[in-house]
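**Q** Mind looking over this structure? Questions follow.
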Amino acid sequence: ELDNAGQPTQKIVETRRRAEFITPIPKPRKRKGSTEQASLLFDEGKDLSTQEQQYDHTAIINGVRLQVDQWRRLPNPSQWQVTPETARLLQHWRHHRFSGIRPFFCQVEAAETAIWLTEVARHTGSGGKRFLDHLANANHDANPELMRLALKLATGAGKTTVMAMLIAWQTINAVRHPQSKRFTRGFLIVAPGLTIKDRLRVLQPNDPDSYYQSRELVPGDMLADLERARIIITNFHAFKLRERIDLSKGGRSLLQGRGEALNTVETEGQMLQRVMPGLMGMKNLLVINDEAHHCYREKPGEELEGELKGDEKKEAEKNKEAARLWISGLEAVNRKLGVARVIDLSATPFFLSGSGYAEGTLFPWTLSDFSLMDAIECGIVKLPRVPVADNIPGGEMPRFRNLWEHIRTRMPKKGRGKAQPLDPLSLPVELQTALEAIYGHYRKTFDLWKAAGIRVPPCFIVICNNTSTSKLVYDFISGFHRENENGSTTLENGRLALFRNFDEHGNQFPRPRTLLIDSEQLESGDALDKNFRAMATEEIERFRREIIERTGDRRQAENITDQDLLREVMNTVGKLGRLGDSIRCVVSVSMLTEGWDANTVTHVLGVRAFGTQLLCEQVIGRALRRQSYDLNEENLFNVEYADVLGIPFDFTGKPVVAPPRPPRETIQVKA
């Protein structure tokens, strides 16, 4: 049980936690009669509702959950009102003796919700019709060209597995019932960035680590049907219309002469041919949006966020631009090819600032919820906590929980390239204290892992507000060369010894211990030491073999750029024998707020504003993926912790004495 402040009361409640959210109320599509009656404003307790847009506490998720629970309890598959193929998959997910991790209840429930709404609800009379009507009305209001269904699943609860289950269900049914419009074997999976796009390759049936086989998500005799699936994985930035020919300003003037302005931008059709050539000619596609809270049609009219300023205003504009590009791309796919349904997967399917809806209100087409609190209580993610530090008196702790409020005026306002050079050793004393405090705890964890024979280090991540701050923190942590007046340089070694990238003689380690990840660093190509390729020959060769196995493109494997290498280092943090296995600390701007799934993260420090619990949950989520899924003697998971400072998340409110624990080493065995 949680109290009104969101803190645990230590009282155990036997029933499942209800889904409680505020959401925009969709207007019905059809009204009887020609006149509209003025509706009474409903007070949802937050003063959000207006005549133009009302908000309410949603009960729809709890209603769907009840229906799916009752349907699941039906003992005879002939009562389920699904195809024989769907019934076989449901029995497999629920009862198969898995050799590895069996699908979690929340993963099966998410897939069951999509199945129930697609195959069962229309047969259940007014009960099912109510939910289908709600979904239709919500989409008519917010996404008039698309039919979306959002499944809310906590960070670390395994959204990728749910995607694989949905693809298997749709593909096998489409192959065996080719005339049915309810099923498809064409899938467009859209991610918010390259990090997630790289990780989602396990959804391709021919990938070496494909989930269908490695996680036993499909019975052996059905695996061949999955080869018929056509799956395109892209990031939403690919929807931006590009220049077809690269022209300088002078060249454009020369070609144009005195005629009309040259149109050198690709058409929608050309964009789709570039992004998803394997799906051209197919109809009835299923789109799966990962981290779908970035995708919405902006509500025209009055802004509800009030007068935003500074970073908040820039963030709202950035959110708006990204959402517009993503939703416009999907609408183009629908116009040209036809989209049967969009399934949104997100831990936080809430409207962002700049959307025209009240920030933090739930997408009204969300019909399934497994919250972070549920995931923490079930033990399928780590438990976030604020460690007590020796160098911070108890009374000072609230200041370090919301660190940014106390240092923001003394931090750079602009990114690198725009700001004046600053001295990394002049970081605000509160920030230095916080870094040293959480590092002291990390050092004990590091020693415990080493003593336990764990061959990769725990990972510490720092999330910053802009590229200037991230570079300052990175230099403070890992070391930097200070330029002298005579043009020479002097090494200032990192202040946190385990994270230094230089030895005591000033030589750079070929395998970095601390990594700076931001857009400028990725593009600059100077993030990796010149000796890195020589020292990591074996791992790079393994990366090449994987590229060939995955794509069949030998040329791509031979021409690996430094950006490719850096991205692979980031994606393989904590994985023995891979490029990222030496990384102990990652300093980032926003690239780690979602999609990065290293399971060795034990410590997180926030050095930025956290205006909403949504952002807090996204950042803390990077540390919540469990390292071990082995069951203990009581048939439960052992508790694992994530130590958090500088992030004012509700559940981590009270500091706790936090002795580090050695983990159990996980050995992955592949057939």
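All of the numbers you see were taken from the coordinates with simple rules; none came from a lab. On a predicted model such as this, the values are computed, not experimentally measured, just so you know. Please note: Cβ atoms are built from the backbone with ideal geometry, for glycine as well, and neighbour counts cover all protein chains shown.
**Q** Given a Förster distance of 25 angstrom, what is the FRET efficiency for Y629 paired with H237, based on the Cβ-Cβ distance and rounded to 0.05?
**A** 0.15
**Q** Packing-wise, with mean Cβ within 10 Å as the measure, how do 379-385, 363-369, 87-93 rank, highest first? It would help to have the intermediate numbers written out before the result.
**A** Values: 379-385: 20.0, 363-369: 26.1, 87-93: 18.3.
Highest to lowest by the protection proxy: 363-369, 379-385, 87-93.
**Q** Related question: Just rank E617, E268, E317, E14, fewest to most, by other beta-carbon atoms within 10 angstrom.
**A** Numbers: E617 24, E268 16, E317 13, E14 4.
The most exposed by this proxy come first: E14, E317, E268, E617.
**Q** Taking a threshold of 19 Å on the Cα-Cα distance, which of the pairs K444/K471; K197/K299; K283/K320; K314/K414; K197/K240 fall above it?
**A** Among K444/K471; K197/K299; K283/K320; K314/K414; K197/K240, the Cα-Cα distance tops 19 Å for K444/K471; K197/K299; K283/K320.
**Q** Here is a follow-up. If you take the beta carbon distance between D69 and E145 as r and set R0 to 30 Å, what does 1/(1 + (r/R0)^6) give as a FRET efficiency, to the nearest 0.05?
**A** For R0 = 30 Å, the calculated efficiency reads 0.35.
**Q** Round to the nearest 0.05 the FRET efficiency obtained for Q556 and R408 when R0 = 45 Å and r is the Cβ-Cβ distance.
**A** So, using R0 = 45 Å, E works out to roughly 0.55.
**Q** A further question follows. Counting only C-alpha contacts under 8 Å and six or more residues apart, can you give the relative contact order of region 426-499 as a whole percent?
**A** It comes to 23 percent, rounded to a whole number.
**Q** What is the Å³ per residue value for the convex hull set by the Cα atoms of region 156-246?
**A** Measuring per residue, one finds 136 Å³ for the Cα hull of region 156-246.
**Q** Could you please rank M280, M163, M411, M147, placing first whichever residue has the fewest other Cβ atoms within 10 Å of its Cβ? Each step should come with its number before you reach the end.
**A** Values: M280 14, M163 26, M411 20, M147 17.
Exposure proxy ranking, most exposed first: M280, M147, M411, M163.
**Q** Right, another one. Which of rounded, prolate, oblate describes region 451-523, given a ≥ b ≥ c as roots of the alpha-carbon gyration tensor eigenvalues and a/c under 1.5 marking rounded, otherwise prolate only if a/b is larger than b/c?
**A** oblate
**Q** Now for a different question. Please give the contour-minus-distance gain from L636 to N486: 0.36 nm per residue of separation, less the Cα-Cα distance, rounded to one decimal in nm.
**A** Full extension from L636 to N486 adds 47.7 nm.
**Q** Just in region 403-506: which trypsin sites (Lys or Arg not before Pro) are loop by DSSP and have at most 12 other Cβ atoms within 10 Å?
**A** When the trypsin sites (Lys or Arg not before Pro) of region 403-506 are filtered for loop state and at most 12 Cβ neighbours within 10 Å, K414, K418, R455 remain.
**Q** Right, here's the next one. Extending each Cα 7 Å along its Cβ direction at R399 and M282, get the distance between those two points in nm, one decimal.
**A** 5.8
**Q** Right, another one. Which GluC sites (Glu not before Pro) in region 451-518 pass both tests, a DSSP loop state and at most 11 other beta-carbon atoms within 10 Å?
**A** Values: sites: E483, E485, E492, E504; in loops: E485, E504.
Passing sites in region 451-518 are E485, E504.
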